[in-house]
Amino acid sequence: MASPPPSPPPLASIPIPDELLEEIFLRLPTPDAVARASGACTSFRRVIKGRAFRRRLRTLHRPPLLGFMDAAGFHPAQAPHPSAPLARALASCTADFSFVPAVVSSSSYLVPPGVQDDDGEGPRWRPCDVRDGRVLLVWTSLMLTKRERFNAAKLHLAVCDPLCSRYVLLPTIPQDLAAQPQDLLREFQPVLAPCTGDDGQEEPFKVICIARYQTKLVLFVFPSTTMRWCMAESPIFPSLKHMSCFDCVRGCFYWTEPYGWSDHLMVLDTRTLRFSIVDNLTGYHAELSDLPDQSFGYRRANALVMGREGALEMFSLVCQHGSFAIYHTSLQNNSQEWKLEKIIQLPGQYHDYNISTVGAAEGFLFFRGAPEGIHIGNVDSYSMEVKTYEITKVCTEMDNIYNPRRALPFFSFPPLLSEPTI
């Protein structure tokens with residue numbers, strides 16, 4: 001009997017060029033899927049860790065929402081939110097700013113106007129703004145007596161990248177610079193200017209402190225390129241009673257009234273450091289502001305978002321007979337009047353809820369809700385995608401629905417796919 005013919009030798013695997021692997025990985029649906037693919041083999045990881053590839057990936061995908069930061073800490077996204085596994089894995093480093101050295105050890109400290117201190121834990125670093133993967137931290141130093149006034153020169157600030165444990169301690173504002181306005185300081189808001197680059201590369205950062213005095217508006221500006229504070233006085237005095245609520249749209253900050261409608265929006269262009277105003281009560285907004293709202297006094301009503309090219313878009317919460325709706329309006333560059341785009345009726349489980357918008361970022365509107373009559377309890381945080389109007393629950397936390405502290409949405413790619421921002 002003849003022996004069977006020998007088996008053919010196994011086909012040698014043909015190596016896939018790196019350029020083709022990049023194109024395959026760029027077509028994966030989410031950054032999380034790319035991060036998981038990096039664990040398959042060393043060649044995949046080598047391609048994915050390439051700086052050029054990561055830059056291309058970040059131009060195609062927006063960073064995932066990991067949760068919210070506020071004065072009480074970090075609140076990660078919870079299941080079934082798609083970012084929950086990544087948020088849980090990164091929660092420890094995102095919530096911990098202990099790698100930033102303490103400024104003072106005294107148990108007494110100063111709370112500047114506009115910076116909320118809700119936990120009574122004494123001096124420590126607290127996040128006051130989040131943008132482009134960076135966190136702006138504030139540390140307060142001295143307790144004010146009734147006769148003392150807040151001194152901007154005593155405020156300590158730091159900018160950090162929590163996922164990479166990197167930080168920059170900012171020098172305090174020089175005393176002679178802080179004393180120049182010679183006026184009573186009413187509000188003081190430190191913010192991070194947005195990055196203006198389009199290629200995803202690391203950029204210098206800029207911290208802007210908006211100081212509202214009794215009779216003038218002053219900007220204290222700290223660019224990381226010079227590491228020196230400078231001051232600019234605005235010729236426009238704010239028409240708003242408060243400037244603590246703002247949204248960032250295309251490199252500009254837009255301020256709205258926290259608990260109602262105002263005649264104008266205050267606008268700061270972070271590139272030119274110039275203020276301007278936008279008429280607010282025109283077109284459909286004039287009708288919307290006249291609607292009786294049963295809970296207007298307890299919540300922030302309006303938020304502005306990154307809209308279509310040439311348009312400014314606003315989302316407003318309105319309560320009618322116990323039910324909430326979101327009114328989407330827009331203002332085209334060539335128009336002087338706000339136009340209604342869509343009314344989004346919130347589902348039935350929101351009936352009789354206390355709801356407040358908490359801002360907008362990365363194409364999402366954020367709001368919080370709690371059942372009527374429950375001041376401290378389970379407060380739910382939600383996101384709504386601006387393009388699709390899809391509402392997703394992000395997390396639930398024990399909190400006070402009337403708490404004035406600002407919730408900061410924190411977006412970031414996994415460390416494997418991101419570059420250090422500091």
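Being in a loop (DSSP other than H, G, I, E, B), buried (at least 18 other Cβ atoms within 10 Å of the Cβ) and at pLDDT 90 or above, is that true of even one residue in the stretch 143-151?
no
Within the stretch 236-248, can one find any residue that is crowded, with 20+ Cβ neighbours inside 10 Å and either more than 23 Å from A303 (Cβ to Cβ) or at pLDDT 90 or above (or both)?
No: the stretch 236-248 contains no residue that is crowded, with 20+ Cβ neighbours inside 10 Å and either more than 23 Å from A303 (Cβ to Cβ) or at pLDDT 90 or above (or both).
When you scan the stretch 295-403 for strands (runs of 3 or more DSSP E) that lie fully inside it, which ones turn up with 3 or more residues that are modelled with pLDDT of 70 or more, crowded, with 19+ Cβ neighbours inside 10 Å and small (G, A, S)?
Ranges flagged: 353-361.
Hey, T272 hits all of (1) touching a residue at least 24 places away in the same chain (Cβ under 8 Å); (2) of a type in the set (V, I, T); (3) in a loop (DSSP other than H, G, I, E, B) but one; which does it fall short on?
(1)
Could you tell me whether G122 is more than 16 Å from the chain's Cα centre (by Cα), part of a loop (DSSP other than H, G, I, E, B) and at pLDDT 60 or above? First the steps, then the outcome.
Numbers: more than 16 Å from the chain's Cα centre (by Cα): yes; part of a loop (DSSP other than H, G, I, E, B): yes; at pLDDT 60 or above: yes.
Judged against the criteria, G122 is a match.
Of all residues in the stretch 201-220 being surrounded by fewer than 19 Cβ atoms within 10 Å (Cβ to Cβ) and under 24 Å from the mean Cα position of the chain (by Cα), which is modelled with the highest pLDDT?
Within the stretch 201-220, the first condition is being surrounded by fewer than 19 Cβ atoms within 10 Å (Cβ to Cβ), and the residues that meet it are 201-204, 213-216, 219.
Retained after the next criterion (residues that are under 24 Å from the mean Cα position of the chain (by Cα)): 201-204, 219.
Details: Q201: 51, E202: 53, E203: 72, P204: 87, L219: 93.
So, considering only residues that are surrounded by fewer than 19 Cβ atoms within 10 Å (Cβ to Cβ) and under 24 Å from the mean Cα position of the chain (by Cα), the one modelled with the highest pLDDT is L219.
Does A84 satisfy the condition of being loosely packed, with under 13 Cβ neighbours inside 10 Å and without any contact (Cβ under 8 Å) to a residue 24 or more places away in the chain?
no
Give me the residue from the stretch 1-34 that is under 35 Å from the mean Cα position of the chain (by Cα) and not hydrophobic (A, V, I, L, M, F, W, C) and, out of that set, modelled with the lowest pLDDT.
D32
It is to be established whether one or more residues within the stretch 256-269 are touching a residue at least 40 places away in the same chain (Cβ under 8 Å), surrounded by 17 or more Cβ atoms within 10 Å (Cβ to Cβ) and over 22 Å from Y327 (Cα atoms).
Checking the stretch 256-269: at least one residue is touching a residue at least 40 places away in the same chain (Cβ under 8 Å), surrounded by 17 or more Cβ atoms within 10 Å (Cβ to Cβ) and over 22 Å from Y327 (Cα atoms).
Looking at R45, is it buried (at least 17 other Cβ atoms within 10 Å of the Cβ) and in contact with a helix residue (DSSP H, G or I) (Cβ under 9 Å, 6 or more places away or on another chain)?
When the stated conditions are applied, R45 does not pass them.
The values are calculated or read from the model by the stated rules, or taken from the named source; none is laboratory data. All values reported here derive from a predicted model rather than from experimental measurement. Heads up, the Cβs are rebuilt from the backbone with ideal geometry, glycines too, and the neighbour counts pull from every protein chain shown.
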